[in-house]
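Since the structure comes first, as structure tokens, the remarks are kept for the end.
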């Protein structure tokens with residue numbers, strides 16, 4: 001079984017805290033070649049779930065595709081797209097229960113576009129998970145001056161249709177923000193927040 005996490009972030013704990021469970025549909029915007037969240041989400045959502053792995057790097061998507069076939073994660077669908085462009089990803093509007101944007105907001109050249117695409121993809125009542133490097137000195141990772149504080153990240157997601165429902169440390173070097181998208185009058189939220197053992201706000 002593929003170990004899709006790394007030493008900095010435990011994706012299973014982060015996704016569990018964000019409310020991911022079997023049968024849900026997920027998109028990872030800017031998934032990268034290793035798919036740290038992709039394969040964890042695929043395992044957690046199971047055969048009835050679906051995980052869209054989105055990246056602009058075709059080589060990264062090929063690596064995701066090979067790994068998914070090797071480990072028989074048939075619920076992983078690689079999608080080539082520019083995550084900074086609204087409507088670029090060939091995924092239905094409101095087609096996912098959870099949108100993941102991990103370590104990409106600070107890199108984005110069009111952050112408003114990235115946020116808009118995340119909101120488009122997320123169904124009413126769904127959630128958006130934002131993970132970013134803490135603006136502190138670490139042995140690896142981008143320079144401190146390139147990182148983004150949680151307060152700055154929150155400004156980009158300041159939208160009447162979004163509610164910040166959770167904020168926590170996603171490891172020693174990262175923080176996580178979880179937003180709930182306002183449900184429509186005909187839909188109710190499908191998530192409940194659960195704090196995995198060993199992952200508290202403190």
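Derivation of every value follows stated rules applied to the coordinates shown; laboratory data play no part. None of the values given here were measured: they were computed from a predicted structure. Here the Cβ is made from the backbone with ideal geometry for all residues, glycine too, and neighbour counts use every protein chain on show.
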Bridge orientation stat for the chain from DSSP, antiparallel percent rounded to 5, came to 40
When the chain is treated as a Gaussian network with springs between alpha carbons less than 10 Å apart, the largest mean-square fluctuation among 14, 109, 54 is found at 109
Computed over the chain, the relative contact order (Cα-Cα under 8 Å, seq sep at least six) in percent reads 20
Reviewing [x] 40, 20, 17; [y] 21, 21, 18; [z] 32, 18, 14, the figure for semi-axes √(5λ) of the Cα gyration tensor in Å actually calculated from this model sits under [y]
Residues 36, 174 in order from fewest to most other beta-carbon atoms within 10 Å are 174, 36
The chain, Gaussian network, Cα under 10 Å: of 92, 78, 160, the residue fluctuating most is 160
Residue-normalised 222 nm signal for the chain, counting each DSSP H run of n ≥ 4 as -39,500 (n - 2.57), nearest 500 deg cm²/dmol, is -6500 deg cm²/dmol
